[in-house]
Structure formats: C-alpha cells, structure tokens
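First comes the structure, then the notes that go with it.
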Amino acid sequence: MAIFKSKTVTKDGRKWYFSVCYVTANGERKRKRSKLYAMKQEAQEAERQFLIGKPHARIDITFEDLHYQYLKHTKENIKDSTVYTKISRAKNHISNYFGDMNIHDINITSVFSWKEMMNDKTHRGGKKYSLKYKRNLMIELRAVLKYGTRFYGLKENVASIVNDFKDKDEKVVSDEEKIRYITPKEYNLFASVIENIVFKVFFAFLYYMGVRKGEAQALTWEDFNFENNTVRIIKTITNKTEEVNESGFRFKITNTKNRKNRTIKIPSALKNMLLELHKYYSEFEGFNNGWFAFGGDRHLASQTIDNHKDHYFELVKEMYGININRITNHEFRHSHASYLISKGVRIELIAYRLGDTVEVVSSVYTHLFPEVEDEIMDELDLIDNYCISLGTKKEFLKALPTTKILVQT
C-alpha cells in the first residue's frame, strides 16, 4: 500500500495517486492505479474508499503499512497521546518482527515465534517486560490484524487464536499490592523534608486533590477561583507527541482523559499554600495569570518531578530512618482516593473528583471497599442492637442523636 507522486503533473496541479495490488475472490491477481489527485490526502482517501469497495479481495500489504492504515482509520476517535503510544509499541516490539511481512503470510507459527522473542529475557539487552506490557502488545497486534480482516481480505486473525502472554514465573499479585498508596501520616513525613516551595505545593496538590500529574502540570493561575475555593480541571499535558513548540520543547496540551472536565473544591490549607506560591511567582518579571501554576513560564518537566520525588523519599529515610512506599506520581492520586474511601465518601463523589466513571473507581479500588463496609456494618450492627431493646430505629435515633453513621450523603 502506498501513495505515489507522479513524475508528470497535470495543468491543474494533480500529481498524487495510489497503486494497489489485490487478488479477486476467484483468485485473479490485479493491480489498481488511480487517477491523479491534487493533494496527497485526497489520494489516501480514494485508496481507502477503493478498499472498502473490495470487501472480498485479498490486498497485498505489509504489516507495517497495515498498521499505518489502521492508525489513520482510528486516530479520529482517540487522543494523540494514545496514537503516539500505539506507534511506539508497534515500532519497538511488533513492526520490528512483522513489519516487512505480507499480512497474508502471518500465521500461528510466526505469532508464537514473536511471543517467544518477547518472553526471552536476553531480548533487547536483557530487558524483561512486564506481563501487563506484553499483553498490551498482544492487544495491539490483534487489533491491527482484525482491521486487516475487515478491509484487506485477511482470512483469519491468527493472533486471536494464540493464547495471551502468561509468564510461568510471574508473581501472583494480591489485592493489597495492586494499588499502592500512602497514608496522611506518611505523606506528612514526605512533605516535611521538602523545602522548595514549588515542589512542596505541587506534591500537596497531587495528594489532596487526586488529579493526574499531567492535569496538574497543565494548570495555569487562570484555572483557580480562590473566592470560591475551586479549580477547574479542563486540560492535561503530554510528552507523547512528535510536536515541538516554538521554544523547542516536545509537549502538547490536550483534553483531559476521557474528556472528563470538572471543577473541584480546594481544602483551605492547600488554598493558603497556593496563594503563597502565587505570591512567590508574582515577584518574577513578566508574571501573569497565564503562567503555569507549577513551573512559571514553562510547566514542570516530568523527569524533573520524578527526580525530586525520589530524592524526597530518600531524605525521609535518611532523616527519620523510615521506609515509606516509594509511590509513583500517579499513586498520589490512588492515595487521595483511598483516603476518601476510608472516610466513607460516596463513590459517585469520588468518581467526579477524580474525573473517572463510577465503574472505573469501583474496579480500580475494589479491594479497599470491603474495609469500609466493615466499618459501616459495625455502625449498623450497633443500630440493630438498640432496635431490639428500644423497639424501633426511630426510637433509637431519638434516644441517641449523636450516633455517628459513616455513610455520607
């Protein structure tokens, strides 16, 4: 599959065309060369429409070209950062094996051989990939070949027949290990060693607001309403892009994940910290409310954040002799959610604050809810015991108006 530029150009500037080799349903091999188009995109679209009109034809195409066509077909519905991730995964771990192969020559044996390569600990300098990562690669391979069955006459998606990755020595992860988080006490130890005001407020914001790192990086002072004690989360920063801005940095500001925009409350203590940070930046020449809240005229770089975070965890160990879970930046978000769950906050409110769906929150933090349920049942059991002696719950509630119920409404 390819788009070509003609050596001759028409008077009205048409020079692009596509050329497709295909085998008809009765086994006849043919080639289709299109007319000339003024723009490359027009030739690409014409090629796509031609392929849609040949549902029973076998199109000769390499896996690398098929992946390109697949991304072009799907990228309108997914974020640029997701496209970037898909391209990186395929380039480094799938196309390097299947890239030049005709998709019709990919069989079960070749998929098994690829799996063995990915499981080989000596592959790529001895780097061992996690089970989750390898399964994501399999998902990508299956998706591309499925696209081939729809539009390129591929008879079967052989990757869907082959079993998924399953490492024999893969450690079984318990529920408690799936989500790592730190308690407020542990966070206070972490925060106590931070002297830099920017990072002190940044990590406090991650912990007490539960936002994603990219969402915090993208915040400008215009996003805050200190009169209402709120902040709007409407964008995120990603480095998963090929775009380079005018300053020479590679990043892009995009919509929030799943486009879950929200305006959320800021705790008073954190608000005071943010006002101090605003005052700190206001003394810089050229300051305005369009500056990034964390970083100034340029957002904090991801690697810089990681380096400082690891340094602060090491300082806690040196100063207090205590090993705190060295959580990732995203696990500050888990810590926030875990704290809210422990306080019995309704799952719908947690989901809104995090910018997730109720289903996602329930799935990710499912092992934490039984602990909260135990606390709730202790309270409900207390009510039932009094009901037995006093007759009704209504009488009990009148008799004990100060009873604490953990379920918040």
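Nothing in this text is a laboratory measurement; each read-out follows from the coordinates by a stated rule. Computed from a predicted structure; not experimentally measured. When we count neighbours, we look across all protein chains shown, and the Cβ atoms used for this are built from the backbone with ideal geometry, even at glycine.
Each of R262 and R180 was given a label point 7 Å from its Cα along the Cα-to-Cβ line. The distance between the two points is 2.5 nm.
Comparing Cα centroids, segment 83-124 and segment 177-233 end up 40 angstrom apart. Overall, the ratio between the Cα radius of gyration of segment 312-353 and 2.2 N^0.38 Å, rounded to two decimals, is 1.52. The T220 and T328 beta-carbon pair, evaluated with R₀ = 30 Å, returns a calculated FRET efficiency of approximately 0.75.
Near the amide H of M101, within less than 5 Å, lie the amide hydrogens of F63, E64, all on another chain or at least 5 residues away, with H placed in the peptide plane.
With the simple spin-label model, which puts each label point 7 Å out from Cα in the Cβ direction, the N228 to V9 separation comes to 5.4 nm.
Calculate, in whole percent, how much of the Cα-Cα pair population of segment 184-338 lies beyond 22 Å. Looking at segment 184-338, the distances longer than 22 Å represent 41 percent of pairs. Each other residue within a Cβ distance under 12 Å of I266 adds +1 if Lys or Arg and -1 if Asp or Glu, for a net charge of +2.
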